[in-house]
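> Please see the structure below; I have some questions.
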Amino acid sequence: MCAGVAMGEDAVLSPGQVVINALAYSLDLKTLDQENQAAEARVQQAKALGLPSIDLEGHAFRYEGLEDSSFGPNSIIPAIDSRYGASIGLTQPLFTGGRISGQKEGARFSRDASALGRQSATADVMLQALSVYWNWSKAYYSVKSSEAAVAWMEAHYADMQVQQNAGLVTENDALSTEVRLEQARLSLENVRGAVRLAQAQITWLTGIEWASNNIPQEAPLPVEQALDLGTDVVTEALSNRLERAARRLELKSAEEQLQVQRAGYYPQLYLTAKYEQARPNMMNIPPQDEWQDDAFAGVAVSWNILDWGLTRSKVAEAGARAEQARIRTRQTDDAIALEARQSRINLEVALRRLSVALRAEDSAKLNLRSASDLWQNGMARHSDVLDARARLTEAEYEVVAARSDVALTRAMLEKAMGTLASSDE
């Protein structure tokens, strides 16, 4: 699948476009959709267990070698070679010790947990798409900086060759410039490779071969601090994160499964009824070679009083599974709290790093201008100029990286706090 605009002018691809297409294409989400359908089907299965079941039966047999039987001189049971019959029966559970109700409740809890898991996975896919997007942006705008550095070095190298031919600079100065030029070219190829890798990842995430003239937007400079320092990120994360609610539903489902297994300790009571037409009808003595009907209704009780520990073992297993679910719930709470704290710290560090990088970029520009002026006036070494240019290139990269990192860490914090799905990005 291909997307994009006609070749020519660059077309900015927004992070929102990448996220939307990643969500639409995600095979992980499609898999979870099928899991949700399976969970809903299990709910319907559990509901059906409590409803009456109606069974139709029929038979037609042909016997050979039968003989008449008698019970005394006046009681003869004739040999009937052909036998036919049809019946309809109804069975309705009346008491199952909580087995059916536990299965229904457990299935509903599992279905709801599955639905929350699907919503939680949406945030994971969104963050994955944003991570790839901002890494693409970082690499793309690093290319711009590296291209500017290479262009400056090429112009400077050409100037150095002219001055070397005129005897104004040494061969060593020209060679050092050439070395720095090749280093700048190598750095440029590295970041170009990073751009292609990021584009390949976006194609993998979205299933779309984007046009080659699609470019990312540059990460915005934050106008103000992105996070209110008074925000209790842990409390908000524990309140919002769907994984936490899903774990609690899974725990309830496991507890219901424990109730299902405990039902094995109790008797099972069923209402049963049946109507039958048969030829001969063996309920009549003596049977006659003609169609006759019969019907009955009653209750049936079954109670397994000795299974050599089978029920007890099933209860023990279900209890252990419920305790596992309880532990996973606590683990999820701890993981959410840690993720929220780490994400907040990462954002604060990224914001401070951006502030320092912007100041460093301004200083590097002044340093290059000063070093160039001093060298042209014979008051500085040529290596000072090359070092100043290298420091400016590095400072420009740090600004690009810091801007992208601020955008990414902000998305990570929103995901950690359970608000990414409702964000504008």
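> Take GLY418 and tell me if it is in contact (Cβ under 8 Å) with a residue 40 or more places away in the chain, in a loop (DSSP other than H, G, I, E, B) and in the same structural domain as ARG244 (by TED's automatic domain parsing).
yes
> Could you list, in sequence order, the residues of the range 137-170 that are among the aliphatic types (A, V, I, L, M) and within 20 Å of LEU188 (Cβ to Cβ)?
Residues satisfying the conditions are ALA139, VAL143, ALA148, ALA149, VAL150, ALA151, MET153, ALA155, ALA158, MET160.
> Out of the residues in the range 230-245 that are within 17 Å of SER120 (Cα to Cα) and among the acidic types (Asp, Glu), which is surrounded by the most Cβ atoms within 10 Å (Cβ to Cβ)?
GLU243
> Inspect all residues belonging to the range 130-142 and state whether any of them is assigned by TED's automatic domain parsing to the domain that holds VAL260, surrounded by 20 or more Cβ atoms within 10 Å (Cβ to Cβ) and farther than 19 Å from SER14 by Cβ.
There is at least one residue in the range 130-142 that is assigned by TED's automatic domain parsing to the domain that holds VAL260, surrounded by 20 or more Cβ atoms within 10 Å (Cβ to Cβ) and farther than 19 Å from SER14 by Cβ.
> Can you find a residue in the range 246-266 that is touching a residue at least 12 places away in the same chain (Cβ under 8 Å), surrounded by fewer than 16 Cβ atoms within 10 Å (Cβ to Cβ) and over 14 Å from GLY102 (Cβ atoms)?
No: the range 246-266 contains no residue that is touching a residue at least 12 places away in the same chain (Cβ under 8 Å), surrounded by fewer than 16 Cβ atoms within 10 Å (Cβ to Cβ) and over 14 Å from GLY102 (Cβ atoms).
> Before we move on, is GLY319 surrounded by 15 or more Cβ atoms within 10 Å (Cβ to Cβ) and modelled with pLDDT of 90 or more?
Yes; evaluated as a whole, the condition is true for this residue.
> Just to check your reading of the model, which residue among TRP308, TRP303 is free of Cβ contacts under 8 Å to residues at least 24 places away in the same chain, more than 19 Å from GLU57 (Cβ to Cβ), of a type outside the set (Val, Ile, Thr) and exposed (fewer than 13 other Cβ atoms within 10 Å of the Cβ)?
Within the list TRP308, TRP303, the selection yields TRP308.
> Determine, yes or no, whether GLU396 is under 36 Å from the mean Cα position of the chain (by Cα), part of a helix (DSSP H, G or I), crowded, with 22+ Cβ neighbours inside 10 Å and in the same structural domain as ASN190 (by TED's automatic domain parsing).
yes
> While we're on this one: Within the range 203-215, can one find any residue that is over 26 Å from the mean Cα position of the chain (by Cα), surrounded by fewer than 13 Cβ atoms within 10 Å (Cβ to Cβ) and either modelled with pLDDT under 90 or within 20 Å of ALA401 (Cα to Cα) (or both)?
Scanning the range 203-215 turns up at least one residue that is over 26 Å from the mean Cα position of the chain (by Cα), surrounded by fewer than 13 Cβ atoms within 10 Å (Cβ to Cβ) and either modelled with pLDDT under 90 or within 20 Å of ALA401 (Cα to Cα) (or both).
> Out of the residues in the range 383-393 that are of a type outside the set (A, V, I, L, M, F, W, C) and under 12 Å from LEU366 (Cα atoms), which is nearest to the chain's Cα centre (by Cα)?
Ranking the candidates gives ARG391 first.
Residues checked against (1) outside the structural domain of ALA263 (by TED's automatic domain parsing); (2) touching a residue at least 60 places away in the same chain (Cβ under 8 Å):
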| position | (1), (2) |
| --- | --- |
| ASP293 | yes, no |
| ALA316 | no, no |
| ALA325 | no, yes |
| GLN331 | no, no |
| ASP334 | no, no |
| GLU361 | no, no |
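> Here is a further query. Is it the case that the range 274-296 has a residue that's under 17 Å from PHE95 (Cα atoms), in contact with a Phe, Trp or Tyr (Cβ under 6 Å, 6 or more places away or on another chain) and modelled with pLDDT under 95?
Checking the range 274-296: not a single residue is under 17 Å from PHE95 (Cα atoms), in contact with a Phe, Trp or Tyr (Cβ under 6 Å, 6 or more places away or on another chain) and modelled with pLDDT under 95.
> Of all residues in the range 147-158 being farther than 14 Å from LEU368 by Cβ and surrounded by 14 or more Cβ atoms within 10 Å (Cβ to Cβ), which is farthest from the chain's Cα centre (by Cα)?
TYR157
> Among the residues of the range 39-58, count how many are of a type in the set (D, E, K, R) and either surrounded by 15 or more Cβ atoms within 10 Å (Cβ to Cβ) or farther than 15 Å from PRO93 by Cα (or both).
The number of residues fulfilling the criteria is 3.
The values are calculated or read from the model by the stated rules, or taken from the named source; none is laboratory data. These figures come from a predicted structure and were not determined experimentally. Backbone-built Cβ (ideal geometry, glycine too); neighbour counts: all protein chains shown.
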